[in-house]
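Reading through the structure tokens given below for one structure.
Coordinate-derived values only; no laboratory data. Nothing here was measured: the structure is a model prediction, and the numbers come from that model. Here Cβ is always computed from backbone atoms with ideal geometry, including for glycine, and neighbour counts include all displayed protein chains.
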Amino acid sequence: MKNIFLGRQPIIDSNENLFAHDILYRDANKKVQEQNRHTSASVISSVMNKFGTQSLLGKRRGFVRVDERFLLNDIIFSIPNKFFVFALISSIPMSERVVERVQQLHEKGYVLAINNIELNEENLQKYRPILEELSYVKANVIAEISIFTGDVVKEFRSHGVKIVATKIINQDTFAYAKELGCDYFEGYYFAEPKILTNTEYEPSQMNVLKLYNLLMQDVNIDEITSEFEKNPEITVQLLQFINSGYFHFQTRIATIHHVLTLVGRLAIGQWLMLMIYSKSVSKGTEQSPLMLMVMNRTKLMEKILKEINSEVKSNALGEAYMVGVLSLVPALFGMELKNILDSINISNEVRDALCEEKGLLGEIYTIVKNTENFEIKAVHMFEKKHNIKHQTIENLVLESMQEIQSFENPTQE
């Protein structure tokens, strides 16, 4: 199974308290990859959809590097403004379009920085058009020191721009950066970047595009819900996205239909486009074993519920689907189930089924796990209790396996 990697390095204040995180992209060899628009989008998408903002950032912001093409693409406005500091890479020219976009982002509450520049008069003049919109400048003040550095620091700070001193390697460089007037500090003296790993479970590009088109064409919400339920890779990322804390739902979530209604078509459409833009989608059809297990659980949950009650309503089937998906989310996200359920304000029926295996959904969840462990006696007792014909569930298991195998290896036309 493939993994994705991010680096996270602390940025501290003068009292050595954690202020923010610097988020660094890592390739399959855990090395820094050249910055481009897909890297920017991929880092942001991974933080929100794979690792989760709460587990990766906590209550701090993450500095993420942004290049010119990503900065000028309107997809940037789909990103919540509360989690990140957009650090513009130093090669971005201060063109009229760039200055206008920086002003637009600032007006909408985004926090902006300049990444890795020299603190000299030339750069001070370059960024003068956006000094009022900038919050931070990151610079290796030790390497670029000159008799004018202190004056440049003062000039930036006079406009409310905070200086983040990078490459702090020992106590002497830390002390000097503080003396120079820097506000925040980053470097190996405090901590090396922590490499974070998560499972790479990617939806196919065509499936993401299909969902986006359904949303934009104003198709019936039931059809969109059905399409989400066919794509657990997208569903689990949606759940992590709403788990970020950006959304605050007063009502408890029961189904994917409910999520789509609460979040809204536009927000979900923008989120899907970010996934496409970041290339965090697979071009192939191969499914991860864990995701196939999610699909199996959701199908069985729904099939068994229908067997018990042939007239079951769609909202109850939606809750059964949610139990199946959420049951394996901890393995995918590396988080405690309780923390996930608290964050997304899930319905009591789904919570009770997952946490205590209570209620009808809890019973079905238990029996699904029994089928995975080949506990045939428990399955037969369940069939007897609910007046289900003997060996029905075993047949449903085989039926589900055949459906998943067909999904995993679609017929080529």
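List the trypsin sites (Lys or Arg not before Pro) within the range 107-192 that fall in a DSSP loop (any state other than H, G, I, E or B) and whose Cβ has at most 14 other Cβ atoms within 10 Å.
Passing sites in the range 107-192 are Lys108.
Between Glu121 and Lys230, what's the calculated FRET efficiency when r is the beta-carbon distance and R0 is 60 Å? Round to 0.05.
The formula returns an efficiency of 0.55 here.
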ask   = If the cut-off is a Cα-Cα distance under 13 Å, which aspartates and glutamates reach Lys338, setting aside same-chain residues fewer than 8 apart in sequence?
value = Asp352, Glu356
query = So which of Lys59/Lys82; Lys299/Lys358; Lys230/Lys389; Lys82/Lys138 end up more than 18 Å apart by C-alpha?
reply = Lys299/Lys358; Lys230/Lys389; Lys82/Lys138
key: Within the range 339-389, trypsin sites (Lys or Arg not before Pro) in DSSP loop having at most 10 other beta-carbon neighbours inside 10 Å   = Lys389
